[in-house]
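Following: one structure in structure tokens, then a few remarks.
The values are calculated or read from the model by the stated rules, or taken from the named source; none is laboratory data. Just so you know, these numbers come straight off a predicted model, no measurement behind them. To get the accessible areas, we keep the full protein, side chains included, count just its heavy atoms, and leave off ligands, DNA and RNA. Shrake-Rupley method; radii C 1.70, N 1.55, O 1.52, S 1.80 Å.
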Amino acid sequence: MEFAYLVRPAFDRAFFARATQDEREVVQEHGNWLEARYAEGRVVFSGRCYDGPFGLVVLDAGNEEQARRLMEQDPSIRAGVQRADLYPFTTFLAREHGPQD
């Protein structure tokens with residue numbers, strides 16, 4: 001089953017313009033955590049608005065409880081740098097990220 005969590009604020013230019021060193025370290029931990037969960041097959045995809053209000057992480061989990069526990073392990077959520085809302089989700093179309101034309 002897939003679940004998406006919407007994270008706010010996005011780690012966009014406005015965020016980085018005001019971020020503390022501690023917040024910047026959490027951003028790095030968040031990215032490392034996502035990459036590790038992706039390698040495990042738990043994160044289907046993730047991304048953020050470049051200059052917008054949110055980021056999105058899509059999880060593959062057995063049920064909502066497992067998805068919520070996984071989301072709550074995200075370093076940016078644990079540290080309170082971002083807040084998250086969890087939703088059941090279904091990927092309709094997806095492709096590998098390719099070159100920008």
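Axis angle, to the nearest 10 degrees, between helix 64-73 and the longest C-alpha principal axis of the chain: 30 degrees. Each listed q (0.18, 0.19, 0.22 Å⁻¹) maps to a log10 I(q)/I(0) for the chain from the Debye sum over equal C-alpha point scatterers, namely -0.86, -0.95, -1.22. Here's how it looks for VAL43: its modeled amide H is under 5 Å from those of TYR38, ASP60, which are all 5 or more places away or on a different chain.
Couplings for the stretch 49-59, taken from phi via the Karplus curve 6.51 cos²θ - 1.76 cosθ + 1.60 with θ = phi - 60°, read 6, 5, 10, x, x, 8, x, 9, 10, 10, 10 Hz in order; Gly and Pro are left as x. Relative contact order of the chain, taken over Cα pairs closer than 8 Å and 6 or more residues apart, is 43 percent. Surface composition of the chain: carbon plus sulfur atoms contribute 51% of the solvent-accessible area (1.4 Å probe, protein chains only, all chains present).
Here is how the number arises for the chain: DSSP H runs of 4 or more residues each give -39500 (n - 2.57), the sum is divided by the residue count, and the result at 222 nm is -11500 deg cm²/dmol. Axis angle, to the nearest 10 degrees, between helix 21-40 and the longest C-alpha principal axis of the chain: 20 degrees. Amide H contacts of GLN82: ILE77, each under 5 Å away and 5 or more positions distant or on a separate chain (H built 1.01 Å from N in the peptide plane; Pro and chain starts excluded).
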